[in-house]
Amino acid sequence: MDTSRRAFLAQASKLAALAAAFSSGVLPTAASAEDDKLYGAFTPFRDDFVRNLARDLAAKPFVDEKIEMPEGFDVSTYDQYRDIRFNPERALWKGEDHRFSMDLFHSGFLFTRPVDIHVVRNGEQAKLNYDPSLFIFGPKVKAPDGKLDLHYAGFRVRYPINSPDVNDEFLVFQGASYFRAVGKGLLYGLSARGLAVDTGQPSGEEFPFFKAFWVRTPEPQTGIIVVEALLDSPSVTGAYRFSIKPGEDTQMDTEVTLFPRRDLAHVGIAPLTSMFLFNAIGRPVEDYRISVHDSDGLMMLTGTGEWLWRPLNNPKKLQVSAFIDKSPRGFGLMQRTRRYEDFLDLESRYERRPSLWVEPIGDWGAGSVQLFEIPTEFETNDNIVAYWQPKDPLLAGGSFSFVYRLHWTSEWPDEGPAPVGLVTYSGSGVDYDYTASPAKYDTNKRMYVIEFEGGPAAGEFSADVSASAGTISKVVVYQNDINKRTRLSFAHDATGLDSAELRAVLKRGGVVAGETWLFRWTRS
């Protein structure tokens, strides 16, 4: 499993933040006519253009491409790359009525695969020509002369998401098929990808990439921007259409058609990538902070209507979990911890990281939500991956379509409260025996505490708690009068065990009152 992708995403995040600080401000006036030189010749663009490109590309052998940098243009280190900044005065669509604007990322450092970016308007498309004058080159980098096409490395989109007078960055496409977005008041955190191939397989993971984008000039008053993308890799091509509406809950309606070059037995649809280092469920490293994570749990709404919550973990060994389902109604990596006091991190501000919920549209059939938890000692490593894996392989020569909506948001994305209580806290520690004198504890015996918010308000509390191995005892459910939440606690005796699957179902008045809580305990 290649965890180095977190490194370049972290670097990209710093670059984005630097550029945002450099160029955020009051909405500017209309762009200069000199920007017309950016556009190549306009040619017709039909709705099936990218899909036809992907289909035709799949019939050809894969060709790996790399930009050959001109002599004297050295951008091989992070410090050099961060010394290239997009000139905010050259933002595309600057000052237009639709209020969107777009910046470009220069190629170099880790981003040496050519990315072509096109603009679509009035049924026509034009490729954006490479132009070094779009960028400000600092002292660590010698500006290229523009004679060679260095393409681009991706782009960011801005919109007045937090204030009507400020164009905030809310969306980035850069690096393989990675992209990130935020809702109102949030900061960049976890990432999405176009596709995952062979994640966790002995043969090694393959990283498909977006080789070209078509960005439609937004229509005024809609608040929507449409981005289409062509995906390529040795094993598969794909056509993507993202219809993106920034807001409190930034939504991305995603239409995908895949064309496998070979049979794909291990493919991830709507893959999500995040970081979890520690919180109250386990602390594998010493740190002054209380919690460190971009996401704290996997949430799932099954095809049968069962709500699942799986607290994330940072295990000693790679863990893979499969949640088998049919016609899933949603899944996501969520950040439910929303208080600064639960992190104490003034720089990272993890309490402002988005949750990302995947809402399937249409029947996805049988398969499973796959969860990968990768050991890490550093928060710079993305160590959590989740996606939907179809039960049947995607066969070479066919086409396979999926439609879903991504919600980049702080809370549960549906309108109104969830029908059951949502888990707001999961913690564990040794189960002390205070009846002994002096008090003692056995590290094989652990106490778990779970708190729920919402759900049915009437009836007697109870809980069904079980373990795949070991013994459950001390099951107690009661109202926490301080925070008005429902607390469930229980003990688990893991003597002689290396691992156990734990399951807890909260009930009130005899009916299910909370998410089904699942956790895999492993001996540290």
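The values are calculated or read from the model by the stated rules, or taken from the named source; none is laboratory data. Model, not experiment: these values are computed from the prediction. Here Cβ is always computed from backbone atoms with ideal geometry, including for glycine, and neighbour counts include all displayed protein chains.
Values for this structure:
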| read-out | value |
| --- | --- |
| Val63 vs. criteria closer than 30 Å to Phe259 by Cα, of a type in the set (A, V, I, L, M), under 29 Å from the mean Cα position of the chain (by Cα) and surrounded by fewer than 18 Cβ atoms within 10 Å (Cβ to Cβ) | yes |
| Criterion (within 22 Å of Val75 (Cβ to Cβ) and of a type in the set (Lys, Arg)) met by exactly one of Lys142, Lys127 | Lys142 |
| Any hit, the range 4-20, residues being at pLDDT 50 or above and either in a strand (DSSP E or B) or under 20 Å from Phe207 (Cβ atoms) (or both) | no |
| Residue match in the range 475-489 (condition: in a loop (DSSP other than H, G, I, E, B) and either under 26 Å from Phe372 (Cα atoms) or charged (D, E, K, R) (or both)) | yes |
| Verdict on Pro160 being in contact (Cβ under 8 Å) with a residue 12 or more places away in the chain, within 23 Å of the chain's Cα centre (by Cα), farther than 28 Å from Asp48 by Cβ and in the same structural domain as Val236 (by TED's automatic domain parsing) | yes |
| Members of the range 351-364 found to be under 16 Å from the mean Cα position of the chain (by Cα) and acidic (Asp, Glu), listed by number | Glu351, Glu359 |
| Tally of residues being modelled with pLDDT under 95 and of a type in the set (Lys, Arg) across the range 383-420 | 0 |
| The range 466-524, residues that are of a type in the set (A, V, I, L, M) and either in contact with a His (Cβ under 8 Å, 6 or more places away or on another chain) or closer than 23 Å to Ala322 by Cβ (or both) | Ala467, Ala469, Ile472, Ala494, Leu497, Ala500, Leu502, Ala504, Val505, Val512, Leu518 |
| Any hit, the range 211-230, residues being surrounded by 22 or more Cβ atoms within 10 Å (Cβ to Cβ), in contact with a helix residue (DSSP H, G or I) (Cβ under 9 Å, 6 or more places away or on another chain) and closer than 27 Å to Ser295 by Cβ | yes |
| Unique match (being assigned by TED's automatic domain parsing to the domain that holds Gly146, at pLDDT below 95 and among the polar types (S, T, N, Q)) among Ser107, Ser101, Ser23 | Ser23 |
| Unmet requirement for Ala463, which otherwise passes all of (1) surrounded by fewer than 14 Cβ atoms within 10 Å (Cβ to Cβ); (2) in a strand (DSSP E or B) | (1) |
| Matching option when the condition is modelled with pLDDT of 95 or more and more than 16 Å from Leu308 (Cα to Cα), among Val477, Val505, Val430, Val423 | Val477 |
| Those residues of the range 365-404 which are within 19 Å of Leu231 (Cβ to Cβ) and under 15 Å from the mean Cα position of the chain (by Cα), in sequence order | Val385, Tyr387, Trp388, Tyr404 |
| One residue from Pro417, Pro438 being touching a Gly at 6+ places or on another chain (Cβ under 7 Å), not assigned by TED's automatic domain parsing to the domain that holds Val172 and not in a strand (DSSP E or B) | Pro417 |
| Conditions (1) in contact (Cβ under 8 Å) with a residue 12 or more places away in the chain; (2) assigned to a loop (DSSP other than H, G, I, E, B): number failed by Phe331 | (2) |
| Members of the range 206-222 found to be touching a residue at least 60 places away in the same chain (Cβ under 8 Å) and either closer than 22 Å to Trp93 by Cα or of a type in the set (Asp, Glu) (or both), listed by number | Ala212, Phe213, Trp214, Val215, Arg216, Thr217, Pro218, Glu219, Pro220, Gln221, Thr222 |
| Extreme residue, surrounded by the most Cβ atoms within 10 Å (Cβ to Cβ), among residues of the range 163-203 that are part of a strand (DSSP E or B) and of a type in the set (Asp, Glu) | Glu169 |
| Test: Glu65 is in a helix (DSSP H, G or I), in the same structural domain as Gly247 (by TED's automatic domain parsing) and acidic (Asp, Glu) | no |
| In the range 470-497, residue farthest from Pro419 (Cα to Cα) [restricted to those that are among the aliphatic types (A, V, I, L, M) and buried (at least 16 other Cβ atoms within 10 Å of the Cβ)] | Leu497 |
| Enumeration of residues in the range 433-477 that are touching a residue at least 40 places away in the same chain (Cβ under 8 Å) and of a type in the set (Phe, Trp, Tyr) | Tyr448, Phe452, Phe461 |
